[in-house]
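Where a number appears in this text, it was derived from the coordinates with a stated rule and is not lab data. Keep in mind it's a predicted model, so treat the numbers as computed, not measured. Every residue, glycine among them, receives a Cβ derived from its backbone with ideal geometry; neighbour counts consider all protein chains shown.
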Amino acid sequence: MTLSFSPCPNDTFIFDALVNHKIDTDGFEFDVFLEDVQTLNEWAKEERMDFSKISYGVLPLVLGKYIVLNSGGALGKGVGPLLITNGNTIKEDQPFDVNTMKIAIPGKNTTAHMLFSLAFPGAVNKDFMVFHEIEDAVLHQRVDAGVIIHENRFTYQEKGLTKIIDLGSYWEETIQVPIPLGGIIGKRSIDPDTLKKVDRLIRKSIDYAFLNYPMLADYVCMHSQEMSETVMRQHIDLYVNNYSLDLGEEGKTAVRKLLEVYQQLNHSAIGITENIFLD
């Protein structure tokens, strides 16, 4: 079967033991593809992968073909995207108005875009780009501000950039649930027993990773060569938690809330509102 996820430390940390056979995979073999989250979202819309990490922002568009697994996702508190700017962009004699600014967004169908739209529904001048290009675009003032995710949360201040708002905190204060960033989906056409077995294998892979942490596996380091080990661990500590092991009822409630917000922002109904999650 095919499996895709991002090369970010949280994903490689989660899947290392599974894809590199450090655990008993019960006979399962995967063709593995690593891509940025927006590519993964597009692939999900095209139904290219059997199992995939996605941003929850694209979930409403793929629910007809995919179901959400319990393990392997990124959800929590204090883990949301940040809206940042270059201090030189803001003019002292001009009012500060995000709605008039050109904003870099890490992909149209990302949770980051949804959270930004919730906080700034009037902002329409958006430039969608790969997440790791956004810091540089803000730094060199190709855009007025940008929504940053992943490891950029830990590096933007070193480059002299300034936080406008923590979009994750805004979500938590407004919606009163944890932030659903990304989840693992499996094709509905796959028989339920196989879906459940893969779900259990992902959890087993995470258990193995935590058992050996804070040691960083070669697989994690290989795909994050531009990061220091400190940043890799910050990344893992922030995005891999108990919700990654099992969404649980609180996690599922958060995802349902996100689907409701999607409907409100897009003035459209979602085809499937039941049977969203794997039993």
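Here are the numbers for this structure:
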item	result
Kirkwood hydrodynamic radius of the chain, Cα pairs, Å	19.1
Lys, Arg +1 and Asp, Glu -1 on Cβ, resulting dipole of the chain about Cα centre, debye, nearest 20	460
Rg over Rh, two decimals, region 1-93 (C-alpha only, Kirkwood Rh)	1.11
Nearest-ten-degree value, helix 229-239 long axis tilted from longest Cα axis of the chain	80
Equivalent ellipsoid, region 154-279 (semi-axes from 5 times Cα gyration tensor eigenvalues, Å)	28, 25, 12
Of T230, T253, T85, the one that fluctuates the most in a GNM where the chain has Cα springs shorter than 10 Å	T230
Exposed chymotrypsin sites (Phe, Trp or Tyr not before Pro) absent - longest run of the chain, DSSP non-H/G/I/E/B, at most 15 other C-beta within 10 Å	97-279
Most positive-pole-ward Cα, L61, N241, P81, against dipole of the chain from beta carbon charges	L61
Note, ³J(HN,Hα) from phi for region 253-269, Karplus 6.51, -1.76, 1.60, rounded to Hz, x at Gly and Pro	4, 4, 5, 4, 4, 4, 5, 5, 5, 4, 4, 5, 5, 9, 6, 9, 8
Efficiency of FRET from Cβ geometry, L265 and L211, R₀ 41 Å, rounded to 0.05	0.50
Listed residues V62, V79, V130, most fluctuating in the chain (Gaussian network, C-alpha, under 10 Å)	V130
Karplus 3J(HN,Hα) series, Hz, for region 199-216 with 6.51 cos²θ - 1.76 cosθ + 1.60 (x for Gly, Pro)	4, 5, 5, 5, 4, 4, 5, 5, 4, 4, 4, 5, 4, 9, 6, x, 4, 9
Loop-located trypsin sites (Lys or Arg not before Pro) in region 30-112, at most 10 other Cβ atoms within 10 Å (DSSP)	K91
Efficiency of FRET between H140 and E229 - r from beta-carbon atoms, R0 25 angstrom, step 0.05	0.30
Net length gained if the chain between H21 and F277 were fully extended (0.36 nm per residue, minus Cα distance)	89.5 nm
Loop sites in region 137-236: GluC sites (Glu not before Pro), DSSP, at most 11 other Cβ within 10 Å	E226
Among R188, R153, R203: highest mean-square fluctuation, GNM of the chain, C-alpha pairs under 10 Å	R188
Whether region 94-144 is rounded, prolate or oblate, judged on the alpha carbon gyration tensor where a/c under 1.5 counts as rounded	oblate
Loop GluC sites (Glu not before Pro), region 246-279 (other Cβ atoms within 10 Å of the site Cβ: 11 or fewer; DSSP)	E274
For region 133-160 versus region 206-256, the gap between their alpha-carbon centres in whole angstrom	23
For region 82-175, convex hull volume per residue from C-alpha positions, Å³	95
5 Å-binned pair-distance histogram of region 214-279 (Cα, whole percent)	3, 13, 17, 14, 11, 11, 14, 11, 5, 0
Extension reserve of the H132-F33 stretch, reckoned as 0.36 nm per residue once the Cα distance is removed	33.8 nm
Entries in K45/K126; K126/K204; K45/K252; K53/K126; K159/K257 that, when Cα-Cα distance is taken, lie over 29 Å	K126/K204; K159/K257
Check: region 82-175 dipole with +1 on Lys, Arg Cβ and -1 on Asp, Glu Cβ, in debye	220
